[in-house]
Amino acid sequence: MTAPLHDPDLHSALAGLPEWKLEEKAIHRVFQFRDFSGAMEFVNRVAEEAEEANHHPDITINYNRVTLSLTSHDAGGLTKRDVAMARKISSLAA
C-alpha cells in the first residue's frame, strides 16, 4: 500500500495538474467533448489505461461531459498513484 500524500507534497503534486480540483480526499476533473461518442471514446481510453495501471477512477458520464475522480481508498486519501493516473488521463484528453 502506498502512503497518502500530505501537505506540502500534495499541493506540490497538484500544482502540475491545474485542471484537477481537490475535494476532501479525492481529485476531480470534468472533461467536455463535442458529443456523446467523443465522450465514450475518451472513457474507453481511460478504461484501458486504468486496467493497465490497476488503478481505476470513478467515472460519471453526462452526454458529452465526463467527470473523473481519483483517490486511493486503500491508503485513505491521495497518493502518488492518483497523481500519476491524473497526468496520464490529462494526456489522453490533449
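Structure summary
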quantity: Charge tally in the Cβ shell below 14 Å around ASN44, where Lys, Arg are +1 and Asp, Glu are -1, ASN44 excluded; calculated: -4
quantity: Summed side-chain charge close to TRP20 - residues other than TRP20 whose Cβ falls under 11 Å, Lys, Arg +1, Asp, Glu -1; calculated: 0
quantity: The chain: angle of helix 80-93 to the longest principal axis, Cα-based, in degrees nearest 10; calculated: 20
quantity: Spatial separation of Cα centroids for the stretch 71-86 and the stretch 34-67, in angstrom; calculated: 18
quantity: Which labelled figure in [x] 20.6, 69; [y] 16.8, 66; [z] 13.0, 39 is Rg and Dmax of the Cα atoms in Å, once derived from the coordinates; calculated: [z]
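Bear in mind that the values in this text are calculations on the coordinates, not laboratory data. Remember, it's a predicted structure, so these values are computed and weren't measured experimentally. Don't worry about glycine lacking a Cβ; one is built from the backbone with ideal geometry, like all the others, and counts go over all protein chains shown.
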